[in-house]
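Below is one structure; the comments refer to it alone.
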Amino acid sequence: MKAAFFAETAGGKITGGALELLAWCRTLTAPEEITAILITPSVGEPELERLACSGAGTVVVYEDGRLDRADTALYAELVKSFCETEKPDVLLGGATLFGRTLFPYAAMLMKTGLTADCTQLEIEPESGLLLQTRPAIGGNVTAVIKTPRHRPQMATVRPHSIPQAQPVGKTGAPIRRLAVPDSLFTAGAPKTASSVKLPAGEELAGAKRIVAVGRGIRRKENIRLAQTLASRIGAAVGATREVVDRGWLPYSAQIGLSGKTVVPDIYIALGISGAVQHLAGMRTAKKIVAVNTDPEAPIFQAADLGIVGDLFEVVPRLIDGFSPKTR
Amino acid sequence: MKIAVLLKQVPDSQAVRLDPETGTLRRSETDAVTNPLDLCALAAAVRLIKDVPDSSLTAICMGPSTGEQTLRQALALGAGRAILICDRACAGSDSYVTALILAAAIERSGPFDLVLTGLRASDGETGQVGPEIAAKLGWPVITGAESLTRIRDNLFEVTRSAESEKETLTFRTPALISVAKGIGQADLPRLERKIWARREPVTLLTANDLGFSPDEAGLKASPTRVVRVLHPQLTRRGRMVRITDSAALEQAREAFTDLLGRKEEE
């Protein structure tokens, strides 16, 4: 069973998400059957070696300074040409904004199926097919999906659904560099004009800790209380739909069905009742803390630590436990 | 400027059921609404064509006959033409086949400069159909637009939030753009427009009209199969602390610090 995965890079570094995909591949097949594919404007040599030592059989690299991630079609053509040569049975990508754009584009070019945002992958023993498990309908159910006849069997995988692959030895897999054909670059293709890194407190996707506020925060000025707790414990700040619809935080802070899905180590829900639409975006957090006055609030069903009380009384006390210097 | 907006009708209620046989969504049992992000796409399209002469805005929906409600809403909000792709043969289509059918409808009812849709639907949440259509049409795609501005001629600018960056991108039409909530919501329709929208004809297309035989659409033609559906146990049965006095408050603080501290060591 040949498995390949698309290893995303950011600023010349291989992302943690790529090492998670490698970890998934290692649960599915033997190391020599695993190929990493990188398509990147630049990646450091030590980065490639780290990947090569972490249990991949081959590392295939398209590195070209002209590559721009806005040009999905070009990336998809390279993925297709890679698959035509390597013929992987399984192809995994990260369920990031980029991965969830590139993979459907490439799946259509290759006329194959794709399962979005999987949280679990395994091989069905009797058929050898990839079983792709994903939450559906706001996380109320999980669906197990397979791609019986089309190849590759493609899936995007939710970040943080497995620990990153660690180095397994000193000698790495062979690194094969391939050139991007000039003909693929087109003058009219989409371009990235600017890319500005979000401040740590606004970056929800990679956040290990998130403090989220709901209607119980009552007014815009009170958001500061959540922000203070967040900065003391090194967390990003998110919100429910009601809060962003009122303009108390930007839309990009929304967690849930029409917003972001997050998987932090700790999710702290302040004044959030726990509507299904919100739970859909955070219920796979590793630990959930909820503070709410209503003991019947559904959020408590999902919480590891439920604090029934007034958040304006509780949160200042929680903040007291962490000095401004402590991370 | 000729724009098509793709809208999906989604279940409103949380009590959605899955067909235990096929594992696909069973829609008829719940009230249906228009996918909120698709309405954002429609609103963006309405703003784009406002000041451009000779523009047109076509709303396209694929689904059961109740999709007509979604299209009448789109007409009331500013679409000039409505197309419903409705055919039993399309039932159970996965994102790949849905994209093939919608791409065919776009080619048949176009040409269009822009196709807009929501970043994802609130039921299936795959967000795959947009990029798959773009690939089928051979067009560029940009997902998650939070603003969409015409710079000049066929050159446009988009801003969006990726996981850790705010990005500004430029693209040329034709293109398919999916939008996130930050792009803005639709205004309420005016009464006279609503009355007009009630009577305006909706074009009905079948799979056959679009060149698909019954075997080429629906579940049968879909590369992916739902093999089973699980109902995960969601209750965590965590520790509860009721804040009744200062001792309870101290307990809550300790439990909270413990939880954070434990994670730190791992």
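No value in this document is a laboratory result; all are computed from the given coordinates. Computed from a predicted model, the values in this text were never measured in an experiment. So basically every Cβ, Gly included, is an ideal-geometry build from the backbone, and we count neighbours across all protein chains shown.
Work out the P(r) tail for chain B: percent of alpha carbon pairs separated by more than 30 Å, whole number. So the pairs more than 30 Å apart make up 38 percent of the total in chain B. With θ taken as phi - 60° and the Karplus curve 6.51 cos²θ - 1.76 cosθ + 1.60 applied, the whole-hertz 3J(HN,Hα) list for region A:156-163 is 9, 10, 4, x, 6, 8, 7, x Hz, x standing for glycine and proline. Seen from residue B:35, the other residues with C-beta closer than 11 Å to its C-beta sum to a net charge of -2, counting Lys and Arg as +1 and Asp and Glu as -1.
Measure up A:111/A:197; A:2/A:170; A:220/B:181; A:287/B:8; A:220/A:286 against 26 Å on the Cα-Cα distance and list the ones that go over.
Numbers: A:111/A:197 35 Å; A:2/A:170 23 Å; A:220/B:181 20 Å; A:287/B:8 34 Å; A:220/A:286 28 Å.
Too far apart for the 26 Å limit: A:111/A:197; A:287/B:8; A:220/A:286.
When Rg and the Kirkwood Rh are both derived from Cα coordinates, the Rg/Rh ratio for region A:184-299 amounts to 1.07.
Measuring between their Cα centroids, region A:209-264 and region A:92-128 lie 31 Å from each other. Beta bridges assigned by DSSP with both partners in region A:134-270 are antiparallel in approximately 20 percent of cases. Shape class for region A:80-164: oblate, because the ratio a/c of the largest to smallest gyration tensor axis (alpha-carbon atoms, square roots of eigenvalues) is 1.5 or more and b/c is at least a/b.
Backbone phi angles across region A:5-12, fed through the Karplus curve with coefficients 6.51, -1.76 and 1.60 (θ = phi - 60°), yield HN-Hα couplings of 9, 8, 8, 6, 10, 9, x, x Hz in residue order; Gly and Pro are listed as x. Note on region A:3-184: antiparallel DSSP beta bridges, both residues inside, total approximately 30 percent of the bridges counted. Using +1 at the C-beta of Lys and Arg and -1 at the C-beta of Asp and Glu, which of A:135, A:94, A:15 has the Cα lying farthest in the positive direction of the dipole of the protein assembly as shown? Value: A:135. When the helices of chain A are scored as -39500 (n - 2.57) per DSSP H run of n ≥ 4 and the total is divided over every residue, the value at 222 nm lands at -7000 deg cm²/dmol. Its alpha carbons considered, region B:68-196 gives a radius of gyration followed by a Dmax of 15.6, 45 Å. Our coupling estimate for region A:175-184, obtained by passing each phi through the Karplus curve with A = 6.51, B = -1.76, C = 1.60 and θ = phi - 60°, is 10, 10, 9, 10, 8, 7, x, 4, 4, 6 Hz, Gly and Pro reported as x.
Per residue of A:286-297, what is the mean number of Cβ atoms on other protein chains within 10 angstrom of that residue's Cβ? Walk me through the intermediate numbers first.
Details: counts 2, 6, 3, 6, 2, 4, 0, 1, 0, 2, 0, 0.
Mean partner shielding for this stretch: 2.
Values of log10 I(q)/I(0) for chain A across q = 0.13 Å⁻¹ run -1.00, by the Debye formula with one identical scatterer at each alpha carbon and no solvent. Based on DSSP H segments of at least four residues, each scored -39500 (n - 2.57), chain B has a per-residue ellipticity at 222 nm of -9500 deg cm²/dmol. Sorted into 10 angstrom bins from 0, the C-alpha pair distances of region A:1-140 split as 11, 44, 36, 8, 0 percent.
Only the Cβ atoms of Lys and Arg (+1) and of Asp and Glu (-1) were treated as charged; on that basis the dipole of the protein assembly as shown about its Cα centre amounts to roughly 740 debye. Residues whose amide H comes within less than 5 Å of that of residue B:147, counting only those at least five positions distant or on another chain, are B:159 (H built at 1.01 Å from N in the peptide plane). Taking the alpha carbon gyration tensor of the protein assembly as shown, multiplying each eigenvalue by 5 and rooting it gives semi-axes of 36, 32, 24 Å, largest first. Amide H to amide H, with H built 1.01 Å from N, residue B:81 comes under 5 Å of B:57, B:59, counting only residues 5 or more places away or on other chains. DSSP beta bridges fully contained in the protein assembly as shown are about 35 percent antiparallel.
Grab the other residues whose beta carbon is less than 11 angstrom from that of residue B:218, score K and R as +1, D and E as -1, and report the net. Could the numbers behind the result be given before it?
Numbers: positive: B:88, B:220; negative: B:87, B:94, B:215, B:216.
Taking every other residue near residue B:218 into account, the sum is -2.
Across peptide A:303-315, what mean number of C-beta atoms from other chains lies inside 10 Å of a residue's C-beta? Before the final figure, lay out each step's value.
On the way: counts 6, 6, 10, 8, 12, 7, 7, 1, 1, 0, 4, 7, 0.
Shielding by partners across A:303-315 averages 5.
Sorting B:253-261, A:32-40 by average packing, meaning the other beta carbons within 10 Å per residue, from highest down gives A:32-40, B:253-261. Among B:240, B:124, B:260, which residue has its Cα furthest toward the positive end of the charge dipole of chain B, with +1 on Lys/Arg Cβ and -1 on Asp/Glu Cβ? Towards the positive end, the residue furthest out is B:124.
Put simply, the amide H of residue B:94, placed in the peptide plane, has neighbours under 5 Å in B:222, leaving out anything fewer than 5 places away on its chain. For region B:47-115 versus region A:142-202, the inter-centroid distance based on Cα atoms is 31 Å.
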